[in-house]
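The values are calculated or read from the model by the stated rules, or taken from the named source; none is laboratory data. Because the structure is predicted, anything quoted here is derived from the model rather than measured. Neighbour counts run over all protein chains shown; Cβ positions are idealised from the backbone, glycine included.
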Amino acid sequence: MNTITLKPAKDKSLARRHPWIYANAIDRIDGKPAPGATVIVRAHDGRFLARAAYSPQSQIRARVWSFDEAEPIDHAFFKRRVQRAIAHRQALVKNTGATRLVFGEADGLPGLIVDYYVADDALQRGQLVCQFMATGVEAWKSAIVDALTGATGCPNVYERSDVSIRQKEGLEQITGVLAGDPPPATLIANECGVRYHVDVMNGHKTGFYVDQRDNRVLVAEHARDRDVLNCFCYTGGFSLAAMKGGAKRVVSIDSSGEALALAQQNVLANGFAPERAQWLDADAFKTLRRLYDEGERFDLIVLDPPKFAPSREHVDRAARAYKDINLTGFKLLRPGGLLFTYSCSGAIDAELFQKIVAGAAADARVDARILKRLGAGVDHPLLTAFPEGEYLKGLLLQIA
Ligand code: SAH
């Protein structure tokens, strides 16, 4: 059996059940494991620590499958892990046609994301969408697909592994049908009474920001009779939620024409009056300032930008970008107005994000009060041993 032996004292993070083994913790490798092959990880004194997937090119040289010495890594293992992930969602996630079924490390399947768009009527079929982001799940792809179709009864699986992180694992970016039929041009996800068109093949990530479900519901709850601004709106997730919640008017900004086209289809699909919504195909940074200069003001603003800091080197520049939009966001709010502000940059933690937002409020000369700390929904659980899993954080603030 291929074995990794760690340097002395380098077994501490595994003892805390953190699932990554960095290259610099490894003393020696016995055998010639292929990318994705299962290796046994041992402490320097030979003690069994874990079974893990080997990744020769990545600094994260191995990712733990199991800390249980008696648990072999085989087809049955993937069936159990997938079934366990799905059972948790069935108990916790309600009222939605779009669910994250597998969230990587938190579900004991490092590097795997699976979203499930559930069939909700006779016209629509279900669709599973996967991202394989590490050599281990890549090597076990067919076992994972079998486990997913078996456990859900959904025959259609599409792969969206067109993510740059695969380069670090020595893997090519790839998309395509893994099982069943190709996805339709758009499918409909029904979430909390709102119908959203989802473009699984060309949309962002798996087509839809499943992680923002609870936050969309919260926006809907606060939107009645308000003037709403949704910045970086993509296909209008928050905009539609605000309309559902009774917003008077919703102005939405995004620089992607295709995303805005889908957002407008969503307005029609829900039977909302199109004149309640205004869509600006433009740069958000400039448009926020322009709206301010023109004297526009809002009661509720959502700022949910793309990942400004893809890695640690980008943190300073990203911090300036977050501050910029939050500063103008505060200035655009009427007294008593609400700001829903987010960062999905893993490299910026919740504490730093709050500091950036505080700096923006100070420069805008407003007293901003945090009403709620926000994050991804319950189908994106956070493993206590793996704080790296917390990428999405947000704040709901009210200005005095
Ligand atoms: N809030 C969305 C997800 C945002 S994804 C939701 O809940 O569904 C980020 C979006 O920002 C993308 O749609 C992208 O087109 C847009 N974007 C990126 N840079 C931008 C810019 N400078 N100005 C406006 N939109 C931008």
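Among the candidates Gly329, Gly377, the residue that is within 16 Å of the ligand (Cβ to nearest atom) and part of a loop (DSSP other than H, G, I, E, B) is uniquely Gly377. The single condition among (1) closer than 30 Å to Leu112 by Cα; (2) at pLDDT 95 or above that Pro335 does not satisfy is (1). Scanning segment 207-241 for residues that are surrounded by fewer than 24 Cβ atoms within 10 Å (Cβ to Cβ), within 30 Å of Val102 (Cβ to Cβ) and either more than 8 Å from the ligand (Cβ to nearest atom) or at pLDDT below 95 (or both) yields Asp211, Asp214, Val217, Leu218, Ala220, Glu221.
Let's see how each residue does on (1) buried (at least 17 other Cβ atoms within 10 Å of the Cβ); (2) closer than 26 Å to Thr384 by Cβ; (3) touching a His at 6+ places or on another chain (Cβ under 9 Å):
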| position | (1), (2), (3) |
| --- | --- |
| Asp11 | yes, yes, yes |
| Lys32 | no, no, no |
| Phe48 | no, yes, no |
| Gly97 | yes, no, no |
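The requirement of being touching a residue at least 60 places away in the same chain (Cβ under 8 Å) and among the aromatic types (Phe, Trp, Tyr) is satisfied by Phe386. Taking the condition in contact (Cβ under 8 Å) with a residue 24 or more places away in the chain, in the same structural domain as Leu338 (by TED's automatic domain parsing) and away from the ligand (no atom under 15 Å from the Cβ), does Lys244 pass? So Lys244 fails the test.
Residues that are touching a Phe, Trp or Tyr at 6+ places or on another chain (Cβ under 8 Å) and free of Cβ contacts under 8 Å to residues at least 12 places away in the same chain within segment 283-323 comprise just one, Arg317. Going residue by residue through segment 297-318, is there one that turns out to be away from the ligand (no atom under 16 Å from the Cβ), over 30 Å from Glu388 (Cβ atoms) and surrounded by fewer than 17 Cβ atoms within 10 Å (Cβ to Cβ)? Within segment 297-318, one or more residues are away from the ligand (no atom under 16 Å from the Cβ), over 30 Å from Glu388 (Cβ atoms) and surrounded by fewer than 17 Cβ atoms within 10 Å (Cβ to Cβ).
Report yes if Pro274 is more than 26 Å from the chain's Cα centre (by Cα) and either exposed (fewer than 15 other Cβ atoms within 10 Å of the Cβ) or free of Cβ contacts under 8 Å to residues at least 60 places away in the same chain (or both), otherwise no. Even if it seems obvious, please write down each step before you answer.
Details: more than 26 Å from the chain's Cα centre (by Cα): yes; either exposed (fewer than 15 other Cβ atoms within 10 Å of the Cβ) or free of Cβ contacts under 8 Å to residues at least 60 places away in the same chain (or both): yes.
It is true that Pro274 is more than 26 Å from the chain's Cα centre (by Cα) and either exposed (fewer than 15 other Cβ atoms within 10 Å of the Cβ) or free of Cβ contacts under 8 Å to residues at least 60 places away in the same chain (or both).
Only residues that are within 29 Å of Ile60 (Cβ to Cβ) and crowded, with 18+ Cβ neighbours inside 10 Å were counted across segment 153-200, and they come to 10.
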